[in-house]
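Enquirer: Got a structure here, written out as structure tokens. Questions coming.
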Amino acid sequence: MNGTTMPPPAAAPGAVPAMTSGAGQHPPLPLSPSPSFVNSFRVAAVADRLASHVLQPQPVSQHDAMEFFHLCISLARGIDYAVANNEVPNTIRDLPPLMKQVCQRKSDPSLRAAIAVLMLSVKNACKIGWFSSEERKEILFLQMRWLAASHVLEILYLDQAI
């Protein structure tokens, strides 16, 4: 079969033909979601998962306690990212009631640090106006009550005295 060329194979129905430009380069992929969109989605997902944890009276197992810990830290990071980038996630209206429920875990010493980190992130969100005046007062009062009840204030004052 000298001198004949094989035609390209037929594409399967519905398949997108491979397009190359230049030296075997593929066209650019479609636009990916922005980091802000991904963070907003993450904040919503973490808040939902954390809400499912606070519906339980106390962590059922050590695994549940560790997941609760990591969810608090992850939510704090998402809030901090949004605050740093002057953004407000779509799910902020869910945060004040969630914070009330999270702070009820003050009796578990292994969770206090993660809750404190989350409270600081929410406090920073309050400072830049994420919440109404009433919600802001409620959150700050909740934070002071939680800090006093969990003896974190004593630790902070001792640390400053040294």
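Enquirer: Those residues that are in a helix (DSSP H, G or I), at pLDDT below 95 and under 13 Å from Arg49 (Cβ atoms), I need them from the stretch 70-94; list them, please.
Expert: Listed by number, the list holds a single entry, Asp94.
Enquirer: Identify the single condition in (1) charged (D, E, K, R); (2) surrounded by fewer than 16 Cβ atoms within 10 Å (Cβ to Cβ); (3) modelled with pLDDT of 90 or more that Lys100 does not satisfy, given that it satisfies every other one.
Expert: Lys100 satisfies all of (1) charged (D, E, K, R); (2) surrounded by fewer than 16 Cβ atoms within 10 Å (Cβ to Cβ); (3) modelled with pLDDT of 90 or more except (3).
Enquirer: Here's something else I'd like to know. From Leu147, Leu118, grab the single residue that is within 14 Å of Leu75 (Cβ to Cβ), of a type outside the set (Asp, Glu) and crowded, with 20+ Cβ neighbours inside 10 Å.
Expert: Being within 14 Å of Leu75 (Cβ to Cβ), of a type outside the set (Asp, Glu) and crowded, with 20+ Cβ neighbours inside 10 Å holds for just one of Leu147, Leu118, which is Leu118.
Enquirer: For the stretch 45-77: of the residues being loosely packed, with under 13 Cβ neighbours inside 10 Å and of a type in the set (Gly, Ala, Ser), which is farthest from Leu120 (Cα to Cα)?
Expert: Filtering the stretch 45-77 for residues that are loosely packed, with under 13 Cβ neighbours inside 10 Å and of a type in the set (Gly, Ala, Ser), the one farthest from Leu120 (Cα to Cα) comes out as Ser61.
Enquirer: Hey, Arg105 hits all of (1) buried (at least 18 other Cβ atoms within 10 Å of the Cβ); (2) within 17 Å of Ser36 (Cβ to Cβ) but one; which does it fall short on?
Expert: (2)
Enquirer: Show the residue pairs that are 6+ apart or on different chains and have beta-carbon atoms under 8 Å apart, the first residue being within the stretch 130-148 and farther than 14 Å from Pro97 by Cβ, the second being outside any helix (DSSP H, G or I).
Expert: Between residues of the stretch 130-148 that are farther than 14 Å from Pro97 by Cβ and residues that are outside any helix (DSSP H, G or I), the close pairs are Trp130/Val88; Trp146/Lys106.
The values are calculated or read from the model by the stated rules, or taken from the named source; none is laboratory data. All values derive from a computational prediction rather than experimental measurement. Ideal geometry is used to build each Cβ from the backbone, glycine not excepted, and the neighbour counts take in all protein chains shown.
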